[in-house]
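The values are calculated or read from the model by the stated rules, or taken from the named source; none is laboratory data. As the structure is a computational prediction, the values presented were derived from the model and not from experiment. Cβ: placed from backbone, ideal geometry, glycine included. Neighbour counts: every protein chain shown. To get the accessible areas, we keep the full protein, side chains included, count just its heavy atoms, and leave off ligands, DNA and RNA. Shrake-Rupley method; radii C 1.70, N 1.55, O 1.52, S 1.80 Å.
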Amino acid sequence: MITLQDISIRFGGEVLFNGIAFQIRSHDRIGLTGRNGSGKTTLLKVMASEFSPDNGTVTIPGDVTIGYLPQRITVSDTTTVYEEAASALKELNLLEREIQQLTEEITTRTDFHDPSYLKLTEKLASAGEHFHLLGGETREREISRTLQGLGFRPEDMNRPTGEFSGGWRMRIELAKILLRKPSVLLLDEPTNHLDIDSIQWLEGYFRTYNGALVLVSHDKALLDHVTTRTLEIENQKITEYPAPYSLAMNMKEARTEQLVAAWKNQQKLIASTEAFIERFRYKATKAVQVQSRIKQLEKLERIPEPSYVTGKVHLKFGKVVRTGDLVIIAEKISKSYGNLNVLNNIDLVIKRGEKIAFVGRNGEGKTTLARILAGDLKSEGDVRQGTKVSMGYYAQDGADKLNPSLTVLETIAQVAGPEMRPHLRTMLGAFLFSGDDADKKVSVLSGGERSRLALLSMLMRPVNFLILDEPTHHLDMQTKDILKEALKKFEGTLLVVSHDRDFLDGLVDVIYEVKNLRIKAHDGDIYRFLEENVLQTTDTGKLQRKVTVSSKGDRLSVESRKKAYLQRKQEQRKLERTEKAVYRLEEEIAELENRKENLYKRMITVPDNGDSPDQDLFREYEKIIRTLDEKLADWEAILHNLEKIKTKKQHHE
């Protein structure tokens, strides 16, 4: 459908892409990935014909329609939500007006046998058939279904669009694109302003969508659930993997390991060959062999040195001061904005070491409750902190509070504890501030860069209670993983507001659903929570929530589910460790088998000078045989243990 050939782009003398090429086929589900700044948004604009490359061609057939959603939009309409969404169906609207005009004209005619009258009736029939094929009869239901799927309530339909924030306006634009049903959807971070319910609805829409989809997203779960192809931008090139994101990254890691191993093995071969040549260059009896080795090196196709990361960057929190058993005691919390009630009579106790999440639809009060607990917003009721609690709060507007006159490095240096000071540049690298970026002034940073810096600045503080409101919004996949692993090891207490399912999975112990002015506790398994709260679409386009958990939601039930969840998580970690041990042993055994085979070939080959094979070869061969026997015994024992773990896990499930 869309073909990109030899695309090259430069910005300010720096190469962004160099000679990339790929094709979007009908019904493709593509995840376009890469680190922040790699050029994903630019490439999406190229496909949408909104940006011209320096070199190369983009071929789009004339019958292909494109729906493009950028990260930022500018709107100036003055209609209602429903009217604005309906405006996307221009062809249907024109057909409807044509049918109305033709019908009115026909009803005034009496010359039923005149050829012009027959032409009118044929034209009306054709317009009616086209209207039917485009779904004209179900148009109103489809508009309502789409808007409600993206989070709008029935009472929102007739509200002016000007009353909604930028995030909600983005939802309207997304609804308009989906309603048009273009041949290709090009979506740049479509879930940035969506809650979990709307993201799940969008996933369902993508699964039944009849066109092609190219998706730029930092939502790993969305990419894994929807895409089947991954295009990764790295080092000015595109690498394609025929798999969703997580599997694609596993394939990349395996490919990189193979490439590194092949390069290292070739380097050893080259070094040993050059050493042989140098050693026997002037020995007459070895002249033939020396010349043979020289020719081998000349013919050798050299593997280029791979550009791989020698080690993963880790974000590590320092030791925290131990708090009392209770970190937060909130009683009878209520909050209203004018006539709008957001929270009503909420009680909440947060204990030391708990990792909890607030989830729910946008506008239900997640951020409001987090701000109240952080002391950033006044409310009715009482909030008390426990003993020795020191709090760090990351708000969505935290970037606005940075000092624009400081550099990036100075910003985090002024808040970092003594344990963190030696690692400041490493931490900046983990949050995508590398090299000279550390010396940039805050005033010249982009909005996303400021948000990342504000988050890192807060994480550097020596606190024992973290409240994070949507911390992953401006982070790429790798940085999110770094943050998640650090938070899992954080010794303090954590409260996170997030709609990122992959980020919450395995991180939190308890989930609080903020809904209908109240909160309700669930165990920390985010996917189990989502299964228990399935969004279903009825024939009338209204959304129903299927609740299978106890309506009481008592704390005892939460504790029992939490205990069961932690047990499952522990068993899963044990299973993963054992599987990795089996995999490592199998790799070691395969390597030993290869070495044994190579040694055997060398031992049975008689040297050109008629000498007997080197005795060192025999000793090394015998050593490998002994090592192989030991590894095989270990492999059998671990494999037996793995089967026991799997059987136990299946029994519990």
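Tally Lys/Arg at +1 and Asp/Glu at -1 over every other residue whose Cβ is under 11 Å from the Cβ of Arg159; what's the total? Around Arg159, the surrounding residues sum to -4. Only sites in a loop by DSSP and with at most 14 other Cβ atoms within 10 Å count here; which GluC sites (Glu not before Pro) in region 323-430 make the cut? Answer by residue number: Glu419.
Comparing Leu475, Leu495, Leu147 along the charge dipole axis of the chain, the residue lying farthest to the positive side is Leu495, per the Cβ-charge model.
Only Lys, Arg, Asp and Glu carry charge here, each on its Cβ (+1 for the first two, -1 for the last two); on that basis the chain has a dipole of about 2100 debye about its Cα centre.
Normalised per residue, the accessible area of region 343-455 is 46 Å², obtained with a 1.4 Å probe and no contribution from ligands, DNA or RNA. Remark: C-alpha extents of region 338-466 on the principal axes read 50, 34, 23 Å, sorted largest to smallest. Sorted into 10 angstrom bins from 0, the C-alpha pair distances of the chain split as 3, 11, 19, 21, 18, 12, 7, 5, 2, 1, 0, 0 percent. With the simple model of a label 7 Å out from the Cα in the direction of the Cβ, Lys488 to Lys237 spans 3.1 nm. If you fit an axis through the alpha-carbon atoms of helix 447-459 and take the longest principal axis of the Cα set of the chain, what angle between them do you get, 0 to 90°, nearest 10? With both axes taken from Cα atoms, the answer is about 70 degrees. Shape analysis of region 59-212 based on the Cα gyration tensor places the equivalent ellipsoid semi-axes at 35, 18, 13 Å, largest first. Pairs from the table (Lys351/Lys388; Lys299/Lys623; Lys484/Lys574; Lys488/Lys574) lying more than 23 angstrom apart at Cα are Lys299/Lys623. Taking region 167-301, how much of its Cα-Cα pair set, in percent, is spaced more than 26 angstrom apart? The calculated P(r) of region 167-301 puts 51 percent of pairs beyond 26 Å. Contact order for the chain, expressed relative to its length and based on alpha carbon pairs under 8 Å spaced 6+ residues apart, stands at 12 percent.
Just the protein heavy atoms count here, and of the accessible area of the chain at 1.4 Å, carbon and sulfur take up 49 percent.
Only helical runs count toward this figure. For the chain, summing -39,500 (n - 2.57) over DSSP H runs of n ≥ 4 and dividing by all residues gives -14500 deg cm²/dmol at 222 nm. Relative to the longest principal axis of the Cα atoms of the chain, helix 115-133 runs at roughly 50 degrees. Between the beta carbons of Lys332 and Lys441, assuming R0 = 45 Å, the FRET efficiency works out to 0.45 to the nearest 0.05. Here the convex hull built on the C-alpha positions of region 42-98 has a volume of 123 cubic angstrom per residue.
If both residues of a DSSP beta bridge must be in the chain, then about 55% of such bridges are antiparallel.
About its Cα centre, the dipole of region 280-397 is roughly 1220 debye, where the only charges are +1 on Lys and Arg Cβ and -1 on Asp and Glu Cβ. Net charge of the neighbourhood of Val184, taken over other residues with C-beta under 15 Å away and scored Lys/Arg +1, Asp/Glu -1, is +2. Per residue, region 36-122 exposes an accessible area of 62 Å² to a 1.4 Å probe, with every protein chain left in place. Compared with the alpha-carbon gap, the fully stretched path from Arg279 to Val260 is longer by 4.0 nm at 0.36 nm per residue.
Per-residue extension of 0.36 nm, minus the Cα-Cα distance of Lys295 and His132, leaves a gain of 51.3 nm for this segment.
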